[in-house]
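Report on one structure; see the data block that follows.
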Amino acid sequence: MLRLRHTLRVPTFLLALLPIIINLAAVAQAPAAAVTPAQQGKIDSLIKGMTLAQKIDYIGGTGFAVRAVPALNLPALEMSDGPYGTRSNAGFPSTTYAAGIGLAASWDRDLASRIGAGIGRDARARGVHFMLGPGVNIYRSPRNGRNFEYFGEDPFLASAMAVGYITGMQGTGVSATIKHFLGNNSEFLRHDSDSVIDERTLREIYLPTFEAGVKKAHVGAVMDSYNLVNGAHATQNSTYNTDLVRKEWHFDGIMMSDWNATYDGVAAANGGLDLEMPTGKFMARANLEPAVQSGKVSEAAIDEKIRRILSTAARFGWLDRPQPNGQADPAISYLDTRNNAAALDSARESAVLLKNANALLPLNKSQIKTILVVGPDAFPGVAVGGGSAGVVPFHLVSPLEGLINSAGASGPHILYERGLPTMVELARNTDFTTTGGKPGLTVQTFPNDTLSGPPISTTTAPHVTSSGMTIESIVDNPDVMAGLSGNTPRRASRRWSGTYTAAAPGRYILAVEGAGEGSGNRVLLDGKLVFDDWSLVRAFQPHISVDLTAGAHTVVIEDKQGGNFSAHLRFGIVREDKVVSDRAKQLAATADLVLVSAGFNHSSESEGGDRTFALPFGQDQLIEAMAAANLKTVVAVTSGGNVDSTAWIDRVPVLLETWYAGQSGGTALAEILFGDVNPSGHLPATFERRAEDNPAFANYYPEGDSKRVLYKEGIFVGYRGYQHNKVNPLFPFGYGLSYTTFKFANLTVTPTSAGTDPHVNASFDLTNTGTRKGAEVAQLYVAGNHSKTPRPVRELKGFERVDLAPGETKHVSINLDPRAFAFYDTAAKKWTIDPGNFTLEVGDNVESLPLKATVDLTSAAASTAF
Ligand code: BGC
């Protein structure tokens, strides 16, 4: 979205009312201050002086800002996406950190805080007041297109990351915006889907990270999501916005909408929304003036929204220091070396080594002569996934460049080959003939999104590649356009028909790429529907393999555009055994080692749509071909979560999950491969063997023809579900290998307070028993299996990332508060501990917990409220 810049005038009125001159350097370190009664009094009198029209205008944003009110000397309050760099700054680059799932894989609270602070500094340098992050929605299924932005499947780990990130950021004088509240755990139908989640599950799984952001980190803003939660849109859902967040959690910041996530001005005004973004389309004069006059919305409710916006501005010091266009503090650089260091550390710490057969890694540079780097993510590098989180770095080190830099002149010789066609190449290499026998396909375009009525144009296209579909781009005829006026947003649909001739019988890959939100497509092969993303877009870039006989096959591709996004479309067919380039196979056979850089990118994993569980088209075949040619095949995957590895996991010795590693991903990858950095990441989400093993698999999509997504698995999400269902995952939650070995010993558990407020200390020794320095993530799980209420087998309630030199032992101490033992009692409407013995287990993943001890909480009051 085009971002408007505002000229900021120093608000003399507020300079007078807020006489404290804030030292900018001090602001950069100190957490945001509380609003004083004097400031509140002045804000109240400012509100009193506003007309109703001015008030209503103020609660509707303008682009990426709270609007300026020059007449009242109120400055614009600027916003920027996030969350892994300062994105929305008129296209200017910004430090790009490892995305949220990678940060969670580091289990490093300090790193979260360093990244938060780094983004805060970048925001200050660019005149930004609100960063639109962190995103904290729970990873429920690997298919969610935005998992990469979030902190994984466990609310305790996600909360720790969110608190570190928000605290670090807000310490620089920039407000974080925790998003997307609530139940936004998938990207299909995101404006319309209704997340139906029972109260206990909300309290125990989907709410705690928001709760920690509000209560522990005092986040300045919460962003309401697009979807409905239990029957009402999040932006007008007073149960959660008002009763829970405002009243129960005492949130005093701003509740803003996601961009175009407001659907009813009166309901939103009464449902807890303070600020409609990006414009006041519904919370607008036309709707709210009559509503105030008729008493449907009280003027006091509108005043309260303004009070929250101005109080937040006062709390962060924005009303008494200018923060425009990077001129605010010349001491803060656009490109900060501390930020670059944090970005590199985020890539180093986030990578999870999942398989390392025969200790193939780390590689010895002097013993390896040639490495083939192959795969779609090898070059250019893929720093982040797509959508609003897509930051542009100043510089980006791809895996290929990382290896070349690290190898230097004396190290291994690095060869490169992409190995697979791009989606555009695949589409352009796929030839069709029309029914009239001409080369290409017949394309009929309809002025609606239902392929109805007579087409408004019929043309021939050589291939299925279209970079965007709007009626204007297709119909260059003012008369036709005039007839279509009023059709807003302009909707269009197309039917592409042609014949594909298979040169030989065999297994063929069919791949499609669409635009996600607002679009839809489906493919019929020989009259049979083989892809159906028409009403519900399951993936941006789906693919399937089918058996084809030699000869002609009819292909019909239908696509539609019905929303705000430009609907590009690509489609191609290739024989499975031809998809991998011959050159890649030849080079792989001669190289000492092959690195396959596999995974997704901004077109295949992004906001506004989901992704496939399978790797994008051709990548399974690429890995299999490389493994067949070279026993030393290392696979590094760029993704927001697990991918289907069944085709090749047993054939490759090494698998590394690198997530979206930010600007320095290639450097960190090379450091890990060559042993300069010891991998230390641990999975923040369970990696299933098969798609159907996921606890939410059967009910991830809406029920029947409805838009209701039933969270039937309840609290048994992620490892809680695998353990409850007794399903063995491929790699469990918390899992991650190292080049050294660790030993846990001497667990001591001591209650430090009892009764209604039980606190427990757990301490143990952790030793590096190997020969390299490394970091271990010590994880503490609590099991309350005596409870009559169904509980997960165990739940993460403490962790510590510990750096250890070879032979070194550190004593680790973890304090547990009452929540560590409680469940949410929906009848009593409070967190409750069932008195009894709890088991505490410590180890390095949810299934490897060598230390065990029990703690007696029989005296814990059953009705503890906290
Ligand atoms: C996304 C938000 C983002 C906003 C502004 C929305 O589409 O869901 O996460 O902050 O756009 O770009």
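Any idea which of ALA117, ALA105 is open to solvent by 10 Å² or more (accessible area, probe 1.4 Å), of a type in the set (A, V, I, L, M) and not in a loop (DSSP other than H, G, I, E, B)?
ALA117
What do you reckon, is GLY572 modelled with pLDDT under 95, assigned to a strand (DSSP E or B) and of a type in the set (Gly, Ala, Ser)?
When the stated conditions are applied, GLY572 does not pass them.
Do any residues in segment 378-394 that are within 16 Å of the ligand (Cβ to nearest atom) have Cβ atoms under 9 Å from those of residues that are open to solvent by 30 Å² or more (accessible area, probe 1.4 Å) and among the basic types (Lys, Arg), where the two are at least six apart or on different chains, and which pairs are they?
These pairs meet every condition: SER388/ARG87; ALA389/ARG87; GLY390/ARG87; VAL391/ARG87; VAL392/ARG87.
As an exercise: evaluate PHE210 against (1) within 16 Å of the ligand (Cβ to nearest atom); (2) assigned to a loop (DSSP other than H, G, I, E, B) and give the number of the one condition it does not meet.
Among (1) within 16 Å of the ligand (Cβ to nearest atom); (2) assigned to a loop (DSSP other than H, G, I, E, B), the lone unmet condition for PHE210 is (2).
Have a look at VAL128, VAL69 and point out the one that is farther than 26 Å from LYS216 by Cβ and modelled with pLDDT under 95.
VAL69
Whether any residue in segment 281-298 is assigned to a strand (DSSP E or B) and either under 19 Å from GLY63 (Cα atoms) or open to solvent by 20 Å² or more (accessible area, probe 1.4 Å) (or both) is what I want to check.
Among the residues of segment 281-298, not one is assigned to a strand (DSSP E or B) and either under 19 Å from GLY63 (Cα atoms) or open to solvent by 20 Å² or more (accessible area, probe 1.4 Å) (or both), which makes the answer no.
Out of all the residues in segment 240-268, which are part of a helix (DSSP H, G or I) and open to solvent by 50 Å² or more (accessible area, probe 1.4 Å)?
ASP243, LYS247, GLU248
Kindly evaluate PRO439 against the criterion of being without any contact (Cβ under 8 Å) to a residue 24 or more places away in the chain and more than 30 Å from ARG190 (Cα to Cα).
Criteria met by PRO439.
Based on what the data block shows, is ASP526 of a type in the set (Asp, Glu) and at pLDDT below 95?
no
Is it fair to say GLY836 is in contact (Cβ under 8 Å) with a residue 40 or more places away in the chain, open to solvent by less than 50 Å² (accessible area, probe 1.4 Å) and over 33 Å from the mean Cα position of the chain (by Cα)?
So GLY836 fits the description; yes.
Kindly provide the set of residues from segment 339-359 that are in contact with a Leu (Cβ under 8 Å, 6 or more places away or on another chain) and either open to solvent by 10 Å² or more (accessible area, probe 1.4 Å) or basic (Lys, Arg) (or both), ordered by number.
Of everything in segment 339-359, those that are in contact with a Leu (Cβ under 8 Å, 6 or more places away or on another chain) and either open to solvent by 10 Å² or more (accessible area, probe 1.4 Å) or basic (Lys, Arg) (or both) turn out to be ASP345, GLU349, LYS355, ASN356.
Among the residues that make up segment 192-211, is at least one of them under 30 Å from GLY127 (Cβ atoms), in contact (Cβ under 8 Å) with a residue 24 or more places away in the chain and open to solvent by 10 Å² or more (accessible area, probe 1.4 Å)?
No, the conditions are met nowhere in segment 192-211.
Name the residue, out of GLU199, GLU187, that is within 15 Å of the ligand (Cβ to nearest atom), at pLDDT 95 or above and acidic (Asp, Glu).
GLU187
For ASN237, work out the one condition from (1) at positive phi; (2) away from the ligand (no atom under 16 Å from the Cβ); (3) buried (at least 24 other Cβ atoms within 10 Å of the Cβ) it doesn't fulfil.
Unmet for ASN237, out of (1) at positive phi; (2) away from the ligand (no atom under 16 Å from the Cβ); (3) buried (at least 24 other Cβ atoms within 10 Å of the Cβ): (1).
Being within 16 Å of the ligand (Cβ to nearest atom), aromatic (Phe, Trp, Tyr) and touching a strand residue (DSSP E or B) at 6+ places or on another chain (Cβ under 8 Å) is the filter here, so list the residues in segment 253-306 that pass it.
Hit for segment 253-306 is TYR263, nothing else.
Evaluate the following for PRO37: is it out of contact with any helix residue (DSSP H, G or I) (no Cβ under 7 Å at 6 or more places or on another chain), exposed (fewer than 14 other Cβ atoms within 10 Å of the Cβ) and at pLDDT 50 or above?
Against the criterion (out of contact with any helix residue (DSSP H, G or I) (no Cβ under 7 Å at 6 or more places or on another chain), exposed (fewer than 14 other Cβ atoms within 10 Å of the Cβ) and at pLDDT 50 or above), PRO37 qualifies.
Suppose we keep only residues that are of a type in the set (Gly, Ala, Ser) and open to solvent by less than 20 Å² (accessible area, probe 1.4 Å) within segment 395-410. Which one would you say is farthest from the ligand (Cβ to nearest atom)?
Ranking the candidates gives ALA407 first.
Mind checking which residues of segment 46-88 are surrounded by fewer than 20 Cβ atoms within 10 Å (Cβ to Cβ) and within 15 Å of the ligand (Cβ to nearest atom)?
THR62, GLY63
Among strands (runs of 3 or more DSSP E) lying entirely in segment 714-796, which contain 2 or more residues that are open to solvent by less than 10 Å² (accessible area, probe 1.4 Å)?
759-768, 774-783
Scan the strands (runs of 3 or more DSSP E) fully inside segment 320-418 and keep the ones with 3 or more residues being among the hydrophobic types (A, V, I, L, M, F, W, C) and at pLDDT 95 or above.
352-356, 370-374
Among the residues of segment 140-159, write down those that are part of a loop (DSSP other than H, G, I, E, B), away from the ligand (no atom under 16 Å from the Cβ) and over 17 Å from ALA614 (Cα atoms).
Across segment 140-159, the qualifying residues are GLY152, GLU153, ASP154.
When both residues are 6+ apart or on different chains and their Cβ atoms are under 7 Å apart, which pairs have a first residue that lies in segment 590-611 and is in contact (Cβ under 8 Å) with a residue 60 or more places away in the chain and more than 26 Å from ALA629 (Cα to Cα), and a second that is among the aromatic types (Phe, Trp, Tyr) and open to solvent by 10 Å² or more (accessible area, probe 1.4 Å)?
SER603/PHE540; SER604/PHE540; SER606/PHE540; GLY608/PHE565; GLY609/PHE540; ARG611/PHE540
Does segment 160-191 hold any residues that are part of a helix (DSSP H, G or I), open to solvent by less than 10 Å² (accessible area, probe 1.4 Å) and of a type in the set (A, V, I, L, M, F, W, C), and which are they?
Scanning segment 160-191 gives MET161, ALA162, ILE166, MET169.
The values are calculated or read from the model by the stated rules, or taken from the named source; none is laboratory data. Predicted model, so just to flag it, every value in this text is computed and none were measured. All Cβ positions, glycine included, derive from the backbone under ideal geometry; neighbour counts span all protein chains shown. Remember, those area values only see protein heavy atoms, side chains included, never the ligands or the DNA or RNA. Shrake-Rupley method; radii C 1.70, N 1.55, O 1.52, S 1.80 Å.
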